[in-house]
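*Asks:* I am attaching a structure below and will ask some questions about it afterwards.
The values are calculated or read from the model by the stated rules, or taken from the named source; none is laboratory data. Because the structure is a prediction, the values reported are computed rather than measured. Please note: Cβ atoms are built from the backbone with ideal geometry, for glycine as well, and neighbour counts cover all protein chains shown.
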């Protein structure tokens, strides 16, 4: 793509303006103050919006009262330490740090790159990113940074790899051909909302599985084209000027390293085999009480991050000792320390992010925004197909402020599911539309907890990376994904392809 195109000029402007914004940590601090001020201003206003979770009118809570401020100060430490993404990132990075600094990851990537055709690198990265959804948030701490390493090793721009992986992990969050824990979680809200109209409705947890599987191919195609034809050409004038000590170097493996890689990989595969053997029995302690593996109640789903830690630290230690990278246990701990050192900037941002998200939730401003938007769309009384499109774009907008997929659906589901059932649209289709909108704008909101982490990954290669840089990289993905994916859903619906197991497009189901 030529630098003279209007798309490139527009993205360059987004980058310049975005990079003039304050540091992400300061943005979260300013956002926190805005939430406090709005909560005080709106706390005395009576709203007609009914919170579907309580059945009562939404009330904005004043966070600037003496009692609220005292409560905030008393909980500040636990708000920070209880911030879920922080624990996910740090624990996973302890294991990944050992595997990286021992040389195991670099050696494994070297072997993989030797056998991967360069032209298939982008779709392979996006495919892996999509599959990573199965392991909850693992893609953010594993796939995205490794994509930068892989692209750089192949002589391509590392930020293009990070953008492609981010688009797959987060932009295509609901596109996956492997069921994950989010499926039964959303299904539970959908079924509860459907019971408002018809208590006999049963929603299968995999009611969107076929559509999500087909969507994964669409996201791979979109990501492949945009990465290779739009993002990477635009990055050709962006020099890689990161700290040379932090940027991986790939060299041919000597016999000792090759042997260490082989034994360490066998060790990792043995660990995976042991895990499978533990999970296989129907009475496995790692399964949920009802025997499911993908349920949020299953211990294995709550153990994803510790399992990632073990599956990286063990082969990392094996490779380190066999290759000579590690001589003593101090070297292993040193590798973990280096990994934590690289996360110091993210820890600072996470502190302010945690405070903002907690205040935003307690103020009820997010609930008010979602419900008022849904009621406005409902009052427009549009045709069913137009309403579905409206739901998609409303969800994408609300997602810029309320990141949690389940929290948004808990608010929007009880409004849209019964409303569209009265228009003869099934809960299955309504949920599919919601999931599409929820995924599309994840990658362009700095308020998403993992967005600052991706900025940190980019700064490893390009020191001057800021919010604007990442926004300009991800905006083409977000706009294209929501546009083409919406059309895809409408065509999929029009052709009558099944959405998933025991699903339908119309209510009542034929």
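*Asks:* So which of 400, 365 ends up being buried (at least 21 other Cβ atoms within 10 Å of the Cβ), touching a residue at least 12 places away in the same chain (Cβ under 8 Å) and under 30 Å from residue 28 (Cα atoms)? Please lay out each step first, then the result.
*Replies:* Working: 400 fails: buried (at least 21 other Cβ atoms within 10 Å of the Cβ).
Answer to the selection: 365.
*Asks:* Among (1) under 19 Å from the mean Cα position of the chain (by Cα); (2) closer than 29 Å to residue 258 by Cβ, there is one condition residue 119 misses while meeting the rest; what is its number?
*Replies:* Every listed condition holds for residue 119 apart from (1).
For (1) in contact with a strand residue (DSSP E or B) (Cβ under 7 Å, 6 or more places away or on another chain); (2) under 15 Å from residue 162 (Cα atoms); (3) part of a helix (DSSP H, G or I); (4) at pLDDT 90 or above, each residue gets a yes or a no:
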{"residue": "206", "(1), (2), (3), (4)": "no, no, no, no"}
{"residue": "217", "(1), (2), (3), (4)": "no, no, yes, yes"}
{"residue": "226", "(1), (2), (3), (4)": "no, yes, yes, yes"}
{"residue": "246", "(1), (2), (3), (4)": "no, no, no, no"}
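*Asks:* Which condition from (1) in contact (Cβ under 8 Å) with a residue 24 or more places away in the chain; (2) part of a helix (DSSP H, G or I); (3) within 30 Å of residue 101 (Cα to Cα) is the one that residue 341 breaks?
*Replies:* Residue 341 satisfies all of (1) in contact (Cβ under 8 Å) with a residue 24 or more places away in the chain; (2) part of a helix (DSSP H, G or I); (3) within 30 Å of residue 101 (Cα to Cα) except (1).
*Asks:* Being surrounded by 17 or more Cβ atoms within 10 Å (Cβ to Cβ) and over 17 Å from residue 497 (Cβ atoms) is the filter here, so list the residues in segment 198-218 that pass it.
*Replies:* Across segment 198-218, the qualifying residues are 201, 203, 205.
*Asks:* Another one. It is to be established whether one or more residues within segment 42-55 are out of contact with any helix residue (DSSP H, G or I) (no Cβ under 6 Å at 6 or more places or on another chain), touching a residue at least 12 places away in the same chain (Cβ under 8 Å) and in a helix (DSSP H, G or I).
*Replies:* Within segment 42-55, one or more residues are out of contact with any helix residue (DSSP H, G or I) (no Cβ under 6 Å at 6 or more places or on another chain), touching a residue at least 12 places away in the same chain (Cβ under 8 Å) and in a helix (DSSP H, G or I).
*Asks:* What are the residues in segment 368-381 that are under 21 Å from the mean Cα position of the chain (by Cα) and either surrounded by fewer than 22 Cβ atoms within 10 Å (Cβ to Cβ) or on the phi > 0 side of the Ramachandran plot (or both), if any?
*Replies:* To start, the set of residues in segment 368-381 that are under 21 Å from the mean Cα position of the chain (by Cα) comprises 370.
Of everything in segment 368-381, nothing turns out to be under 21 Å from the mean Cα position of the chain (by Cα) and either surrounded by fewer than 22 Cβ atoms within 10 Å (Cβ to Cβ) or on the phi > 0 side of the Ramachandran plot (or both).
*Asks:* Residue 300 versus (1) within 28 Å of the chain's Cα centre (by Cα); (2) surrounded by fewer than 14 Cβ atoms within 10 Å (Cβ to Cβ); (3) over 29 Å from residue 461 (Cβ atoms): which is the lone unmet condition?
*Replies:* The one condition residue 300 does not meet is (2).
*Asks:* Given the conditions (1) in contact with a helix residue (DSSP H, G or I) (Cβ under 7 Å, 6 or more places away or on another chain); (2) at pLDDT below 95; (3) in a helix (DSSP H, G or I), report the number of the one that residue 187 does not fulfil.
*Replies:* It fails just one condition, (1).
*Asks:* From the residues in segment 153-163 that are surrounded by fewer than 23 Cβ atoms within 10 Å (Cβ to Cβ) and touching a residue at least 12 places away in the same chain (Cβ under 8 Å), which one is farthest from residue 123 (Cα to Cα)?
*Replies:* Initial filter on segment 153-163 (surrounded by fewer than 23 Cβ atoms within 10 Å (Cβ to Cβ)): 153-156.
The next check asks that each one be touching a residue at least 12 places away in the same chain (Cβ under 8 Å); those that pass are 153-154, 156.
On the way: 153: 16, 154: 14, 156: 14 Å.
Result: 153.
*Asks:* So, in segment 343-355, exactly how many residues are in contact with a helix residue (DSSP H, G or I) (Cβ under 8 Å, 6 or more places away or on another chain) and surrounded by fewer than 21 Cβ atoms within 10 Å (Cβ to Cβ)? So that I can check it myself, show each step before the final result.
*Replies:* So the first thing to find is which residues in segment 343-355 are in contact with a helix residue (DSSP H, G or I) (Cβ under 8 Å, 6 or more places away or on another chain), and the list is 343, 345-355.
Then keep just the ones that are surrounded by fewer than 21 Cβ atoms within 10 Å (Cβ to Cβ); that gives 343, 345, 347-348, 351.
Of the residues in segment 343-355, 5 are in contact with a helix residue (DSSP H, G or I) (Cβ under 8 Å, 6 or more places away or on another chain) and surrounded by fewer than 21 Cβ atoms within 10 Å (Cβ to Cβ).
*Asks:* OK, next. If residue 374 passes every condition in (1) over 27 Å from residue 461 (Cα atoms); (2) outside any loop (DSSP other than H, G, I, E, B); (3) at pLDDT 90 or above but one, which one does it miss?
*Replies:* Of the numbered conditions (1) over 27 Å from residue 461 (Cα atoms); (2) outside any loop (DSSP other than H, G, I, E, B); (3) at pLDDT 90 or above, the odd one out for residue 374 is (3).
*Asks:* To continue, here is another question. Residues in segment 455-462: is at least one over 25 Å from residue 142 (Cβ atoms) and surrounded by fewer than 21 Cβ atoms within 10 Å (Cβ to Cβ)? Spell out the reasoning first.
*Replies:* Of all residues in segment 455-462, those over 25 Å from residue 142 (Cβ atoms) come to none.
Among the residues of segment 455-462, not one is over 25 Å from residue 142 (Cβ atoms) and surrounded by fewer than 21 Cβ atoms within 10 Å (Cβ to Cβ), which makes the answer no.
*Asks:* Residues 322, 307: which one is closer than 16 Å to residue 99 by Cβ, at pLDDT 90 or above and buried (at least 18 other Cβ atoms within 10 Å of the Cβ)?
*Replies:* On the way: 307 fails: at pLDDT 90 or above.
322 is the lone residue from the list that is closer than 16 Å to residue 99 by Cβ, at pLDDT 90 or above and buried (at least 18 other Cβ atoms within 10 Å of the Cβ).
*Asks:* Only one of (1) touching a strand residue (DSSP E or B) at 6+ places or on another chain (Cβ under 7 Å); (2) exposed (fewer than 14 other Cβ atoms within 10 Å of the Cβ) fails for residue 47. Which number is that?
*Replies:* For residue 47, the exception is condition (2).
*Asks:* Under 6 Å between Cβ atoms, at least 6 apart or on separate chains: pull out the pairs that start in segment 2-13 with a residue that is at positive phi and modelled with pLDDT under 80 and end on any residue that is outside any helix (DSSP H, G or I) and surrounded by 11 or more Cβ atoms within 10 Å (Cβ to Cβ).
*Replies:* none
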